[in-house]
1. Taking the range 57-107 as the search range and keeping residues that are of a type in the set (D, E, K, R) and closer than 22 Å to A123 by Cβ, which one is least open to solvent (accessible area, probe 1.4 Å)?
2. Within the range 175-201, take every residue that is under 23 Å from the mean Cα position of the chain (by Cα) and free of Cβ contacts under 8 Å to residues at least 24 places away in the same chain and give me the one that is surrounded by the most Cβ atoms within 10 Å (Cβ to Cβ).
3. Condition first: under 34 Å from the mean Cα position of the chain (by Cα) and surrounded by 15 or more Cβ atoms within 10 Å (Cβ to Cβ). Can you find one or more residues in the range 25-40 that meet it?
4. Need at least 3 residues that are under 17 Å from S216 (Cβ atoms), modelled with pLDDT of 90 or more and small (G, A, S) per element, so show me which helices (runs of 4 or more DSSP H) inside the range 6-121 make the cut, counting only ones lying wholly within it.
5. Identify the single condition in (1) over 14 Å from G214 (Cα atoms); (2) assigned to a helix (DSSP H, G or I) that M1 does not satisfy, given that it satisfies every other one.
6. Name the single residue that is modelled with the lowest pLDDT among those in the range 147-169 being of a type outside the set (S, T, N, Q) and open to solvent by less than 50 Å² (accessible area, probe 1.4 Å).
7. Could you name every one of the helices (runs of 4 or more DSSP H) located completely within the range 187-267 that has at least 2 residues being of a type in the set (S, T, Y) and more than 30 Å from T78 (Cα to Cα)?
8. Do the conditions hold for S131, that is, is it among the hydroxyl-bearing types (S, T, Y), open to solvent by 50 Å² or more (accessible area, probe 1.4 Å), within 29 Å of the chain's Cα centre (by Cα) and closer than 19 Å to V160 by Cβ?
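The values are calculated or read from the model by the stated rules, or taken from the named source; none is laboratory data. Owing to the predicted nature of the structure, the values given are computational and were not obtained by experimental measurement. We place every Cβ from the backbone using ideal geometry, glycine too, and count neighbours over all the protein chains shown. Please note that ligands, DNA and RNA were not included when accessible areas were found on the heavy atoms of the full protein model with its side chains. Shrake-Rupley method; radii C 1.70, N 1.55, O 1.52, S 1.80 Å.
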Amino acid sequence: MTPFQTNLLYLFVAGLVAGGLGYGIRRFFPGIEKADAAPWAATLSYVSTAFGVVVGFSILFLFGQFAAARSAVGDEATSIGTAFEEAKLFPAASEGIQGALICYGRSVSEFDWPSMRNDGVGASQVDQTFSDLVASLGQGDTATTGALNSAAATNMASQVGSISTARETRLVAAETTVPTMLWLLLFVGAAFVVVLIFMVTLSATPATQSLLVGSSAIFTAVLILLVVSLSRPYSGGGGSVTPRLIEQTTTFMESSAPQVAAQSCPAASAD
């Protein structure tokens, strides 16, 4: 079952349970519709407003992290590809630098994504491949002469720094967690809102009220699932952040330098 299908199942169950409970209560307690709905309506106004603020704040905060992670993947892929091309300007070290970039690109999708998805942290293998990348910049090191070589060396170091910065950005998104108290507030608030909607719709027929309560439960569940999805940007579901751009860049590098790509990656082979 795909994540999308799982979410649809959650929504169906939420609507069915809420609507069914509402219908059952009306049938077993026929006199409940005589209750005064005015106090419940006033309470619903306050609770729904507060609940909306909490949900809105959660979505706004988590979406910022989510968007930053997605943007960081693009920046990381661009910096990897740019550094790969600029390595050709340094014949003595180009093969080592390009090999280190290919190994880094491979390790990101192979190790970093599963680690971020399951543990919320970066993989040690990627730490090692990045260290190898930095070390490769010093291979065949000679004194640079001329403005072009000096600028190229500076820009190469800048690209490697950008790779590190982009990775740290996506790791921050992986490590971001919603506080337990906020989760409690979201779930309890959602249940309370549905209960209050049941109370203020007592004047409707049982079937109509069941439909209204079930629909409100589904809508409330959508908001909760949205917060859950944004809190797990690397979950692998639809719309999640993927290493696709980095994988495409790695494939391009492998096709551009097949002899370099045929070499094994020390960090990957060690595990």
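1. My answer is E76.
2. If we take residues in the range 175-201 being under 23 Å from the mean Cα position of the chain (by Cα) and free of Cβ contacts under 8 Å to residues at least 24 places away in the same chain, then W183 is surrounded by the most Cβ atoms within 10 Å (Cβ to Cβ).
3. Checked the range 25-40: no residue is under 34 Å from the mean Cα position of the chain (by Cα) and surrounded by 15 or more Cβ atoms within 10 Å (Cβ to Cβ).
4. In the range 6-121, 38-86 are the helices (runs of 4 or more DSSP H) which contain 3 or more residues that are under 17 Å from S216 (Cβ atoms), modelled with pLDDT of 90 or more and small (G, A, S).
5. In the conditions (1) over 14 Å from G214 (Cα atoms); (2) assigned to a helix (DSSP H, G or I), M1 misses (2) alone.
6. A152
7. On the way: elements: 206-231, 244-256, 258-261.
The helices (runs of 4 or more DSSP H) meeting that bar are 206-231.
8. Details: among the hydroxyl-bearing types (S, T, Y): yes; open to solvent by 50 Å² or more (accessible area, probe 1.4 Å): yes; within 29 Å of the chain's Cα centre (by Cα): yes; closer than 19 Å to V160 by Cβ: yes.
Yes, satisfied.
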